[in-house]
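Only one structure is covered here, and it is reproduced in the block below.
The values are calculated or read from the model by the stated rules, or taken from the named source; none is laboratory data. Source: prediction; values computed, not measured. Every residue, glycine as well, gets a Cβ built from its backbone with ideal geometry; the counts of neighbours run over all protein chains shown. These area figures cover heavy atoms from the full protein model, side chains too; ligands, DNA and RNA do not enter into them. Shrake-Rupley method; radii C 1.70, N 1.55, O 1.52, S 1.80 Å.
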Amino acid sequence: MDKFVIRGGNPLLGTIKVSGAKNSALPCMAAAILTEDEVILENIPQVRDIETERRLLESMGAEVELGYGRAQHRTSIKCAVLSDPVAKYEIVKTMRASSLVLGPLIARTGMARVAMPGGCAIGGRPIDLHIKGLEAMGATITQEHGYLEARTNRLKGAHIVFDKITVTGTEDLLMAAVMAEGESLFENCAREPEVIDLAALLNAMGAQIKGAGTSTIRIKGVAKLHGARHRINPDRIEAGTFLIAGAITGGDLNVDCCNPAHLGSLLGKLEQCGVKLDIGKENVRVRSGNKLVAADITTEEYPGFPTDMQAQYMALATQAEGTSVVTENIFENRFMHVGELNRMGANITVQGRSATVRGGTKLQSAAVMCSDLRASAALVLAALVADGESILDRVYHMDRGYERLEEKLRGVGAQIRRMGEVFGKK
Ligand code: UD1
């Protein structure tokens, strides 16, 4: 298992580029199931979840070409024949977002068999709202031996009011509704930029979707979709992680190729903490200057503070003067990083859904364990300011969603390497 070795203390200086959004790329790749034509996606990040989705699509009969390094990380997907519309447990267990293929599979083939995702480190991750929505569209769903089987002659448009806001639930049902008979009206939808990204691709494929990015989405079903070319949005969570890296190390970092319009709640909070930001059209420069001061956050659905930035923000809060209260509203168990941050000298206590961070502590290097994707990012950030050399174990969690992280951070002055490499060598 790969490890990161990080020597803290260097301010990050220069320009760092943001990759395409993993959480947009995953539903967009699943959308290719809806047509037999070629779908070309640009700006696909080179991360492990994308490789997993490639394996998933290929296992169903799709032809997938991931063109990394060539023009724009261009990926071509062609689902001319879907010989095996099954998402097998071996693949689903490593990536819960695999349930995103449920909607498009049933829409295209009238049948889908998808392994039920289990729980994960940050909570139960049920998919009951996906199931309820597909049933409302006329699918018959049965569950046995850990698999969920959905069947229908043709899905029908439906009026669905989500009990709870769900990002992949909104995306999954959107993909089911685009080729359903008649119109659908979805209310209480997720408003995340990733939903807008998916809807833009689907519309380019011939779908008729209105309202993506608001809580009400209207879809007019069409008989067939065709191929399209689409560029994936920049990753707002990777951008946010880099902004905190710049702030926590007291650096001067230009986070480039991002979309600051998607970062509103984080940028506001960083400014409240005393971080100096120059916000451009496609970049944000973060500069040290003022002392960091504590500020509370509460995670919420977009446009609120993202749960995917909570762990990284907590790392920053350990370095701010005063006490910050971090409240996690989206997932029930998303404080796995707290124990490890405390082992590095942080002073954080958890009670229920809130963590109290007593800031201004000096962090020390330690051997720590990554438990999930964003928790790993928090540990990297803490290690970048800790005294001495930290060793982060299980960085495969990190590789699920951050493209060439160590290379990108080294490019702006961080001392980070994978175990086995030599510092400074690219
Ligand atoms: C997506 C993101 C993930 C992010 C999360 C919240 C992807 C691939 N992943 O995950 O990075 O942390 O949004 O912004 O885009 N829920 C139910 N029933 C359901 C579905 C969800 O109760 O059928 C609950 C979940 O347990 C959770 C809440 O709804 O408490 C939000 O989850 P959801 O938005 O669905 O998260 P994901 O789409 O899985």
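Using 0.36 nm per residue of separation minus the Cα-Cα distance, give me the extension gain between E407 and S354 in nm, one decimal. Walk me through the numbers on the way to the answer.
Working: separation 53, 0.36 × 53 = 19.08 nm, distance 3.41 nm.
Separation in residues times 0.36 nm, less the Cα-Cα distance, equals 15.7 nm.
Taking 20 Å as the cut-off, the amide N atoms of segment 343-373 that come nearer than this to a point 7 Å along the Cα-to-beta-carbon line of T298 belong to 349-358.
Roll a 1.4 angstrom probe over the protein heavy atoms and tell me the percent of accessible area of the chain that is carbon or sulfur.
Details: 7530 of 16330 Å².
Carbon plus sulfur share of accessible area: 46 percent.
The string of couplings for segment 257-268 from the Karplus curve (6.51, -1.76, 1.60, θ = phi - 60°) is 6, 10, 10, x, 5, 8, 10, x, 5, 5, 4, x Hz, one whole number per residue in order, with x for Gly and Pro. Taking a ≥ b ≥ c as the square roots of the eigenvalues of the alpha carbon gyration tensor, the chain is prolate, as a/c is not under 1.5 and a/b beats b/c.
Rounded to the nearest 5, the antiparallel percentage of DSSP beta bridges internal to segment 22-231 is 70%.
Computed with a 1.4 Å probe over protein heavy atoms only, the accessible surface of the chain comes to 38 Å² per residue.
The modelled label-to-label distance between T323 and E42, using points 7 Å beyond Cα along the C-beta direction, is 5.2 nm. If R₀ is 25 angstrom, what is the calculated FRET efficiency for the pair T361 and L13, using the beta carbon separation as r and rounding to 0.05? My answer for the efficiency is 0.55. Our summary gives segment 33-172 a relative contact order of 21 percent, counting only alpha carbon pairs under 8 angstrom and 6 or more residues apart.
Its Cα centre serving as origin, the chain has a Cβ charge dipole (Lys and Arg +1, Asp and Glu -1) of approximately 560 debye. Over 18 Å between Cα atoms, which of K17/K78; K22/K276; K22/K88; K291/K362; K156/K224 qualify? The answer is K17/K78; K22/K276; K22/K88. Entry note, the chain: the mean residue ellipticity at 222 nm calculated from DSSP H runs of n ≥ 4, each adding -39500 (n - 2.57), is -8500 deg cm²/dmol after division by the residues and rounding to the nearest 500. Is the C-alpha gyration tensor of segment 22-231 telling us rounded, prolate or oblate? Criteria: a/c under 1.5 is rounded; beyond that, a/b larger than b/c is prolate, otherwise oblate. Rounded, because the longest to shortest axis ratio a/c is under 1.5. Annotation: M116 carries an accessible surface of approximately 60 Å², with a 1.4 Å probe and no ligand, DNA or RNA atoms counted. When the square roots of the Cα gyration tensor eigenvalues are ordered a ≥ b ≥ c, the ratio a/c for segment 104-222 is 1.5 or more and a/b does not exceed b/c, which makes its shape oblate. At full extension, E135 and R55 could sit 26.0 nm farther apart than now, given 0.36 nm per residue minus the alpha carbon distance. Based on Cα contacts under 8 Å between residues 6+ apart, segment 126-168 shows a relative contact order of 35 percent.
Which sequence of K224, K281 reflects their accessible areas, 1.4 Å probe, from the largest down?
Values: K224 130, K281 180 Å².
Largest accessible area first, the residues go K281, K224.
Ordering H159, H230 by accessible area with a probe of 1.4 Å, largest first, what comes out? Intermediate values should be presented prior to the final figure.
Working: H159 115, H230 25 Å².
Ranking H159, H230 by accessible area, largest first, yields H159, H230.
A probe of 1.4 angstrom, applied to the heavy atoms of all protein chains, finds E144 with accessible area near 120 square angstrom.
If you average the sequence gap of Cα pairs under 8 Å that are 6 or more apart and divide by the length of segment 311-367, what percent do you get for the contact order?
Working: 82 pairs, mean separation 25.1, N = 57.
Taking the mean separation of contacting Cα pairs over the length of segment 311-367, I get 44 percent.
Give me the aspartates and glutamates in straight-line cross-link reach of K210: C-alpha distance below 19 Å, same-chain residues under 8 apart excluded. Of all the aspartates and glutamates, those that pass the test against K210 - Cα under 19 Å, at least 8 places apart if same chain - are E171, D172, E181, E183, E187, E192, E194, D197.
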